[in-house]
Amino acid sequence: MTNKLLKVNIQKELKEFDLEVDFELKKGCLGILGPSGCGKSMTLKSIAGIVDPDKGVVSLTTDEETIYYDSNKKINLKPQQRNVGYLFQNYALFPNMTVEENIACGLSKNHNEKRVSEMIKRFHLEGLEKRYPRQLSGGQQQRVALARILAYGPDVILLDEPFSAMDTYLKEQLRIELSNSLKDFDGFSILVTHNRDEAFQFCDELLILDEGKIIAKGTTYEIFENPKKVQVARLTGCKNISKIEVIDDYHLKSLDWGVTFEVSEKISPNITHIGIRAHDFSPAEKDDVNVLDTVNSTKLEMPFEWEITLANGLWWKYDKRIHDHEFTIPEYLKVDPKDIILLEE
């Protein structure tokens, strides 16, 4: 049995920077996480054949290898030859076609009726078959777009910021629906996002992209637990980041917060910063390790958490129930040495 493999190694000169992306995906969903304008969407368009890289290789191995693009061999398959499904941010439905016509548009005549019925049922579009895109909600449009992509059995699905234009309630619903759809999908999927929660929920593996370069690559759990670099820590949601001065192998001073901390891992010479996630503080006694006093702290009530800002600028997020409106900030907080993240610039 042949191992499946999607191989992408491309370079493209852009106005602001050069895009250089190199990865192999063997299964599941890959996330590409990064700020706006870092090259995420350009990477997807290069895989789909919408944009041509300057050089490199894009290939897919299932039962045999199919080369989508190879600059040395002068191979460049057209998008319709690549069997890649692309879910655009605006879904790109045909406005003059009904729901069932949109779903059927990529299918041959002798396959479409049964397949369209299957997709209508799978994506809960019963009763909407004769409607046009303008008559659908954003969520319904997304389901039609996904149904259209999956109807013809693509080898690869590319998802470009699929939730960016939705309100929070709809976003949560559709995340669950999309997650369930991808679980049944036997091919590869790549999700581009600048939202760390989406990356964590959907993706088995993660690339962090910044100004066209991969600055981190690995399993999603590994990258969130040990981001290693300052920019990766920020993109994975670390709220507290400070420059440091090393005291000894296991002690350092935070220059931004004016606090000395003990850490659990030996501090290597290339460490320039530390990160502390806002949920990793806990109430403490005065003599505990890595203790902080909370004099002159401020608190802000959110529906499901308290946000505490210490006088030195550190953030603590403390979970609450929606009806718990009273909260007294403890006199001292601490952070476990193992929860202090050592970071390179």
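The values are calculated or read from the model by the stated rules, or taken from the named source; none is laboratory data. Predicted model only: the values in this text are computed from it and were never measured. Neighbour counts run over all protein chains shown; Cβ positions are idealised from the backbone, glycine included. Please note that ligands, DNA and RNA were not included when accessible areas were found on the heavy atoms of the full protein model with its side chains. Shrake-Rupley method; radii C 1.70, N 1.55, O 1.52, S 1.80 Å.
Here are the numbers:
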{"read-out": "Listed residues Glu326, Glu65, Glu20, most fluctuating in the chain (Gaussian network, C-alpha, under 10 Å)", "value": "Glu326"}
{"read-out": "Cα-based equivalent ellipsoid of region 113-254: semi-axis lengths in Å, sorted from largest, via gyration tensor", "value": "40, 16, 11"}
{"read-out": "Cα gyration tensor of region 130-202 - equivalent ellipsoid semi-axes, whole Å, descending", "value": "19, 18, 10"}
{"read-out": "Cα-based Rg of region 206-345 normalised by 2.2 N^0.38 Å, two decimals", "value": "1.11"}
{"read-out": "Mean shadow area of region 1-83 over all directions, Cα convex hull, nm²", "value": "5.8"}
{"read-out": "Value of relative contact order over region 223-338, rounded to a whole percent, pairs C-alpha under 8 Å and six or more apart", "value": "24"}
{"read-out": "Segment Gln173-Phe327, length gained on full extension (0.36 nm per residue, minus Cα span)", "value": "52.3 nm"}
{"read-out": "Alpha-carbon centroids, region 331-345 and region 120-195: separation in whole Å", "value": "39"}
{"read-out": "Contact order normalised by residue count of the chain, Cα under 8 Å, 6+ apart, percent", "value": "16"}
{"read-out": "Alpha-carbon gyration tensor eigenvalues x 5, square-rooted, for region 24-150, Å", "value": "30, 18, 13"}
{"read-out": "Residues of region 206-231 with amide N under 13 Å of a point placed 7 Å along Cα→Cβ from Thr272", "value": "229-231"}
{"read-out": "DSSP-loop trypsin sites (Lys or Arg not before Pro) across region 245-316, with at most 13 other Cβ within 10 angstrom", "value": "Lys266, Lys286"}
{"read-out": "Answer label, with Rg/Rh (Cα atoms, Kirkwood Rh) calculated from the coordinates and candidates [x] 0.99; [y] 1.03; [z] 1.05", "value": "[z]"}
{"read-out": "Cross-link pairs beyond the 32 Å C-alpha cut-off, checked among Lys7/Lys266; Lys109/Lys213; Lys15/Lys317; Lys12/Lys109; Lys12/Lys338; Lys27/Lys114", "value": "Lys7/Lys266; Lys109/Lys213; Lys15/Lys317; Lys12/Lys109; Lys12/Lys338"}
{"read-out": "Computed magnitude of the charge dipole of the chain (debye, nearest 20; Cβ of K, R +1, Cβ of D, E -1)", "value": "1600"}
{"read-out": "Efficiency of FRET from Cβ geometry, Ser36 and Lys217, R₀ 22 Å, rounded to 0.05", "value": "0.60"}
{"read-out": "Over region 232-274, relative contact order from alpha-carbon pairs under 8 Å, at least 6 apart, %", "value": "36"}
{"read-out": "Where chymotrypsin sites (Phe, Trp or Tyr not before Pro) fall in DSSP loop in region 244-343, at most 16 other Cβ within 10 Å", "value": "Tyr250, Phe304, Phe327"}
{"read-out": "Between helix 168-183 and the chain: long-axis angle, C-alpha atoms, 0 to 90°, nearest 10", "value": "60"}
{"read-out": "Helix-only [θ]222 nm of the chain, DSSP H runs n ≥ 4, -39500 (n - 2.57) each, per residue, nearest 500", "value": "-6500 deg cm²/dmol"}
{"read-out": "Per residue, in Å², the accessible surface of region 90-193 once ligands and nucleic acids are set aside, probe 1.4 Å", "value": "50"}
